[in-house]
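Only the coordinates and a few stated rules stand behind these numbers; no lab work does. Just so it is clear, the model here is predicted, and its values are computed rather than measured. Methodologically, a virtual Cβ is constructed for each residue, glycine included, from the backbone with ideal geometry; neighbour enumeration extends over all protein chains shown.
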């Protein structure tokens, strides 16, 4: 499937386009800003953009008002159709955020309930108790998402709700030719609804991609043949920056082995999980790392581990942003023009290598040597084998032949250098190597 060998790029659309924080009802065509980023995306070897919510909402996008109308702060349906066509003309696929667990209080059907109460045709679209009350003093209680009552939980067991959401997806496919959906808080969504979406989307578009947000627990409960193709790999997201900050590569090596090794007890072997070092909900990787020398190494891990690499806009050139209590504004900035600096050049190179290396896309995972500050693991597929080597220390380190496996020679896919593995090799400070075995 196309997504298995793709590089994804996430854009928090409202922030990226500089839209007001709350919906002011004023229509401004801001989506066209995306078009001028296409050369940068191609330079970074991007194959697909994942857009966070773009449909009419109360404020941040995850509080939907209308699933079939582009948010007025971004423009019109016609505006996004133009953007989508430009992306498709440049071989960039489109993933939209499907926020199907809940809606905003401004959602048209909930507004009808507020107005007509018991007599509303839509009262069963939500989980409502007319004997209670809400924090908004509505005169009835309703279930909100994880206690956030600005987010009204949908009743996904109601056939009318399911029909409306599926017809909205059909519109996205027909009008914008989208290639997939990222399901927000997929861990909260009814399993039957996930199965319904999988069947519905596959019947329309056989290679349609479904990826779910899941923070913890067993990923296979939503990623399987009946539900989603992939999900967010938060375990390894945490393992990457934590291992680098603590100078303890055992953590990420353990997670990768636990998830993807040939061990019969490995959890997600042959799954293509969505891999990332940051996103719109967490601190930027450049802010998360204690030592900025580790920044390229974080991407070295991202592009060589099993999974589908996903970049978050701006992080490829190292912008910072710490998550703060009560506001995610500094995680989701307006950026008018992209930057292609030394870090972005490294990221683009690693992305290019990833896409052209079957062992990185489809290969198994095997730990070879694990030390606190040095790590060697092997990715192999058919007749291709890559040793991935890291030295996260400020000093050089010498690896003996026994720490590299029983090989004679390799070519470093990053530098192009021939490396003799039958002799000891010296790793430079803060260095990484993708050693393709030749002998």
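The table that follows gives values for the structure above.
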quantity: Contour excess over end-to-end distance, with Cα ends at residue 408 and residue 149 and 0.36 nm allotted per residue; calculated: 87.0 nm
quantity: Mean-position separation - Cα centroids, segment 1-56 and segment 297-358, in angstrom; calculated: 14 Å
quantity: Label-to-label distance, nm, for residues given as residue 207 and residue 21 (7 Å Cα→Cβ offset); calculated: 4.2 nm
quantity: In degrees, nearest ten, helix 191-204 long axis to first principal axis of the chain (Cα); calculated: 80 degrees
quantity: FRET efficiency, 1/(1 + (r/R0)^6) with R0 60 Å, evaluated for residue 59 and residue 384 via beta carbons; calculated: 0.80
quantity: Stretch gain in nm, segment residue 174-residue 330, where the contour uses 0.36 nm per residue and the Cα spacing is subtracted; calculated: 52.7 nm
quantity: Residues in segment 68-85 reached by a label modelled at residue 35 [backbone nitrogen below 20 Å; 7 Å Cα→Cβ]; calculated: 70-85
quantity: Among 209, 140, 107: highest mean-square fluctuation, GNM of the chain, C-alpha pairs under 10 Å; calculated: 140
quantity: Sorted largest first, extent of segment 105-155 alpha carbons per principal axis (Å); calculated: 27, 20, 17
quantity: Alpha-carbon gyration tensor eigenvalues x 5, square-rooted, for segment 395-439, Å; calculated: 16, 14, 7
quantity: Fewest-first sequence of 198, 284 by Cβ atoms within 10 Å of each Cβ; calculated: 198, 284
quantity: Alpha-carbon Debye profile of segment 286-350, log10 I(q)/I(0) at 0.14, 0.19, 0.23 Å⁻¹; calculated: -0.45, -0.81, -1.10
quantity: Fraction of the pair-distance distribution of segment 282-324 above 16 Å, Cα-Cα pairs, percent; calculated: 35 percent
quantity: Stretch gain in nm, segment residue 112-residue 245, where the contour uses 0.36 nm per residue and the Cα spacing is subtracted; calculated: 42.8 nm
quantity: Crossing angle, helix 77-89 versus the chain [Cα axis fit, 0-90 degrees, rounded to tens]; calculated: 20 degrees
quantity: Principal axis box of segment 364-437, alpha-carbon based, largest edge first, Å; calculated: 36, 23, 21
quantity: Nearest-ten-degree value, helix 295-304 long axis tilted from longest Cα axis of the chain; calculated: 90 degrees
quantity: FRET efficiency for residue 345 and residue 129, using Cβ-Cβ distance with R0 set to 51 Å, rounded to 0.05; calculated: 0.35
quantity: All Cα pairs of segment 3-55, percent lying beyond 17 Å; calculated: 42 percent
quantity: Gaussian network model of the chain, springs between alpha carbon atoms under 10 Å - residue of 139, 106, 239 with greatest fluctuation; calculated: 139
quantity: Mean shadow area of the chain over all directions, Cα convex hull, nm²; calculated: 21.2 nm²
quantity: Dmax and Rg, reported as Rg then Dmax, of segment 271-393 (C-alpha, Å); calculated: 15.5, 51
quantity: GNM flexibility winner over the chain from 268, 362, 118 (Cα, springs under 10 Å); calculated: 118
quantity: Helix-only [θ]222 nm of the chain, DSSP H runs n ≥ 4, -39500 (n - 2.57) each, per residue, nearest 500; calculated: -8000 deg cm²/dmol
quantity: Theoretical FRET efficiency, 1/(1+(r/R0)^6), r = Cβ-Cβ of residue 398 and residue 263, R0 22 Å, to 0.05; calculated: 0.15
quantity: Percent of Cα-Cα distances greater than 26 Å, calculated over segment 1-151; calculated: 37 percent
